[in-house]
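Read the structure below first, then the notes.
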Amino acid sequence: MTDFYDALETRDPGQREEALMAALPAQLRAALATPAFAELLAGVDAGAVASRGALAQLPVTRKSELLARQQAQRAHTPFGGFSAIGWRTVGALRPARRVFQSPGPIYEPEGPAVDYWRFGRALFAAGLRAGDLVHNSFSYHLTPAGSMMEGGAHAIGCTVFPGGVGNTELQLQAMAELRPDAYAGTPSFLRIALEKADEQGLALPSLRKASVGGEAFPPALRDLLRARGIEAYQSYGTADVGLVAYETAAREGLVLDEGVIVEIVRPGTGTPVPDGEVGEVVVTVLNPDYPLVRFGTGDLSALLPGPCPTGRTAPRIRGWMGRADQTAKVRGMFVHPGQVAEVVRRHAEIGRARLVVEGELANDRMTLHVECAAQPEGLGAAVAQSLRDVTKLRGDVLLVAPGSLANDGKVIEDLRRIG
């Protein structure tokens, strides 16, 4: 494909960055107008937050905190004070179109904007075009996935069959009789549907495009679908911030959406890592209805160098690379990535660090591997003392050369045998 969803995708990278930074103060003002961020960002001058450096000074809000605030304020507001929209009885300034429930439960509002979740861009990159019929097998109940895809498909000009989840035989009947051009849903359900169609002798020759998400999409499954004549592309988003990034015909990483500012930070902290290093995906979404600022997705990824070969000029990430929450329980005490970061902060000689927990449960040991170019006498002992002070646990320290630790985003690696 050589065409694009809109002109934003091929902007000069400098112009895009300038536009995103220019939009930051307004987004901060929208956030500060909500009770939650008025507290979390108290004292912040929204007008002064117009650069990535200034943004990086703000706290990261993680899903666990969002859930805790929602639980604490259920009697007054289902959104924990983070949303600017809702309905009359919760005192919202503007009405929401829908409200969804994700596991937790966490409640997410959907605003009235066309393609509120911004998935049209991902579907277009997957080859969907106006006039296509899309078989949408994402859930339409409780969670927003079905609505996310439907809104994006409608923005392109597609017709949607709301298949939802389950009822495989009925969905197959609809596919055979309606002959959809495209599929939206999890890749695993698409595979199940195709295998079931084979068992029943059903041909699905019209199905040639797919936008998949919600789970891992390994190359082997991509190739299996391609052998069936279906080109499937993955998208990456969350129920909180909507679309984050999407795959293109180049199949070289995922291109960032035009409506988000993405940072990759060291797990357990809010500190951005150097380009190319694996860290947690943190998103600021340019949405005044649900103005999440520095929202920690809990997912690991890394920035890729250079632009997408398709001509899209937005930065790219490597895709989903695991979870950033690496909390481990050692000898009855929880150890968090943020504690490892605190040990590193206390010693200027240290670069990256990884806490490795080994042995068996109830008989475990931990070793902090730290990268440092200079190794002055006594550094190991000093770091070990800091580790004990911060975690309240004894541990060994192993000093290693810069670049020795794997670039996989792991801050705590649990290698213990269970049982």
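The values are calculated or read from the model by the stated rules, or taken from the named source; none is laboratory data. These numbers come from a predicted model, not from an experiment. Cβ sites come from the backbone with ideal geometry, for glycine too, and all protein chains shown count toward neighbours.
For this structure, a couple of remarks:
- Some residue of region 165-176 being touching a strand residue (DSSP E or B) at 6+ places or on another chain (Cβ under 7 Å) and either modelled with pLDDT under 95 or in a loop (DSSP other than H, G, I, E, B) (or both): no
- From the list Leu58, Leu67, the one residue that fits, being under 21 Å from the mean Cα position of the chain (by Cα) and at pLDDT below 95, is Leu67.
- In this structure, Gly81 does not qualify as under 20 Å from Gly296 (Cα atoms) and surrounded by fewer than 17 Cβ atoms within 10 Å (Cβ to Cβ).
One line per residue, one yes/no per condition, for (1) modelled with pLDDT under 95; (2) closer than 27 Å to Gly127 by Cα; (3) aliphatic (A, V, I, L, M); (4) in contact with a Lys or Arg (Cβ under 8 Å, 6 or more places away or on another chain):
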residue	(1), (2), (3), (4)
Thr238	yes, yes, no, no
Glu247	no, yes, no, no
Pro272	no, no, no, yes
Phe295	no, no, no, yes
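- Enumeration of residues in region 1-55 that are among the β-branched types (Val, Ile, Thr), modelled with pLDDT of 95 or more and under 17 Å from Arg312 (Cα atoms): Thr10
- Scanning region 234-290 for residues that are part of a strand (DSSP E or B), under 19 Å from Gln326 (Cα atoms) and of a type in the set (Val, Ile, Thr) turns up Ile264, Val265, Val281, Val282.
- Selected residue (criterion: surrounded by the most Cβ atoms within 10 Å (Cβ to Cβ)) from residues of region 140-164 that are out of contact with any strand residue (DSSP E or B) (no Cβ under 7 Å at 6 or more places or on another chain) and closer than 24 Å to Lys196 by Cβ: Ala145
- For Arg88, the criteria (1) loosely packed, with under 13 Cβ neighbours inside 10 Å; (2) of a type in the set (D, E, K, R); (3) on the phi > 0 side of the Ramachandran plot hold in every case but one, which is (3).
- Filtered by the rule that a residue be in a loop (DSSP other than H, G, I, E, B) and farther than 24 Å from Leu415 by Cα, region 336-385 gives Arg346, His347, Ala348, Glu349, Ala373, Ala374, Gln375, Pro376, Glu377, Gly378.
- Val335 fulfils the conditions (1) among the β-branched types (Val, Ile, Thr); (2) touching a helix residue (DSSP H, G or I) at 6+ places or on another chain (Cβ under 6 Å); (3) more than 30 Å from Gly80 (Cα to Cα) except for a single criterion, (3).
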